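These notes are about the structure you will find just below.
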Amino acid sequence: KQIKVFAPATVANVACGFDVLGFALNEPGDEVILQTTDSNEVTLSKITGDGGKLPLDVSKNTAAAVIKHYLAHIGSRQGIDIQLHKRMPLGSGLGSSAASAVAGLFAVNELLGSPLTRAELLPFAMEGERIASGAAHADNVAPALLGGFVLVRSYNPLDIVSIPFPKDLVATVVHPQIEIRTEDARSILKKSILLKDAIQQWGNIGGLIAGLIQGDYDLIKRSLQDVIIEPVRSLLIPNFDKVKQAALESGALGCSISGSGPSIFALSNSLAIAGEIASAMRKELKVIGIDCDVYISPI
Ligand code: HSE
């Protein structure tokens with residue numbers, strides 16, 4: 001038996017929701033082809049689109065490792081061969097490792113007759129994030145698996161909530177051609193924060209969630225601010241302030257770093273505005289000689 005599964009790129013944090021909020025894009029993403037085999041082994045026969053950067057070693061590859069965990073958990077000795085086709089950039093802040101892990105887990109679960117629900121697949125996908133970046137954060141894997149906006153209300157116990165959102169919402173994402181490792185972008189963060197900053201941040205996250213549910217674009221706009229993480233991480237992204245300003249001046253509801261960067265996302269409520277935002281953001285990167293990929297995706 002064979003199955004082909006696509007899992008999308010995701011924008012984690014969404015400005016104020018570090019490690020607790022994320023949404024899925026339509027594209028790009030990763031494609032995984034699984035084939036059942038007669039051996040009792042998990043094998044990884046092919047990876048494309050990674051520029052030779054990802055390990056073919058089953059214990060080190062995120063998708064393969066999570067499939068092995070999954071099979072051990074459900075007590076299956078089914079042999080599986082994996083082909084992984086990366087259709088998105090690595091180290092981009094768009095949840096590349098999450099897309100691979102989620103596509104692999106969803107595929108193997110389907111092949112075996114769906115013994116686990118999507119929600120039950122999540123802890124395995126989070127284990128993939130631990131392998132990839134040292135931190136089992138869920139704000140990429142949860143939206144990659146469930147779609148739309150997802151809130152990680154709690155990690156222990158794991159409590160995942162899908163958030164309704166207005167149907168016109170569009171994401172513009174630019175990916176400057178530099179690489180930032182999530183592990184590095186996490187290591188530079190302060191371990192404690194000021195109460196006054198925490199107050200602003202949880203006001204904003206509450207406002208953003210309320211704005212999404214109520215379809216209140218003005219409230220979404222007022223809430224898309226990050227006073228804790230962005231000021232630190234933006235230093236890793238050339239011309240970030242100008243790119244953000246250009247997005248806001250072009251009609252973005254808000255603009256911030258996608259996940260751990262270097263990708264930068266902006267939200268708006270029309271495809272036409274999303275295109276204008278993309279041009280304006282790209283221009284500010286071009287000025288300093290940095291090329292970028294651009295993705296425009298309804299959510
Ligand atoms: N919440 C994670 C971080 C997402 O910002 O480190 C990584 O893509």
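Could you work out the longest stretch of the chain that avoids the trypsin sites (Lys or Arg not before Pro) located in DSSP loops with at most 11 other Cβ atoms within 10 Å? Mind showing how you got there, number by number?
Numbers: sites that count: Lys1, Lys53, Arg77, Lys167, Lys190, Lys191.
Longest run free of exposed loop sites: 192-299.
Assuming charge only on the beta carbon of Lys and Arg (+1) and of Asp and Glu (-1), the dipole of the chain about its Cα centre is about 200 debye to the nearest 20. If only the Cβ of Lys and Arg carry +1 and only the Cβ of Asp and Glu carry -1, the dipole of the range 209-299 around its Cα centre is close to 120 debye. Net charge of the neighbourhood of Ile296, taken over other residues with C-beta under 13 Å away and scored Lys/Arg +1, Asp/Glu -1, is -2.
Would you work out the charge dipole size for the range 86-220 about its Cα centre, treating the Cβ of every Lys and Arg as +1 and the Cβ of every Asp and Glu as -1, and quote it to the nearest 20 debye?
Details: 11 positive and 13 negative charges, 45 e Å.
So the dipole magnitude of the range 86-220 works out to roughly 220 debye.
Just Ala272, Ala12, Ala210 to compare: in a GNM of the chain, with alpha carbon springs under 10 Å, which one fluctuates most? Residue with maximal mean-square fluctuation among Ala272, Ala12, Ala210: Ala272.
Three principal axis extents of the range 201-299 based on alpha-carbon atoms, in descending order, are 40, 32, 20 Å.
Our summary gives the chain a relative contact order of 22 percent, counting only alpha carbon pairs under 8 angstrom and 6 or more residues apart. Subtracting the Cα-Cα distance of Val294 and Asp38 from 0.36 nm times their residue separation leaves 87.9 nm of extension gain. Kirkwood hydrodynamic radius of the range 30-94, from the reciprocal of the average inverse Cα-Cα distance over all distinct pairs: 12.4 Å. Count Lys and Arg as plus one, Asp and Glu as minus one, and take only other residues whose Cβ is under 10 Å from that of Cys16; the net charge is then -2. Overall form of the range 80-190: rounded. Here a/c, set by the Cα gyration tensor axes a ≥ b ≥ c, is under 1.5.
For the chain, the longest principal axis of the Cα atoms and the long axis of helix 96-111 meet at an angle of about 40 degrees.
Since every read-out is calculated from the coordinates, none of them should be taken as a lab result. This is a predicted model, so every value here is computed, not measured. Don't worry about glycine lacking a Cβ; one is built from the backbone with ideal geometry, like all the others, and counts go over all protein chains shown.
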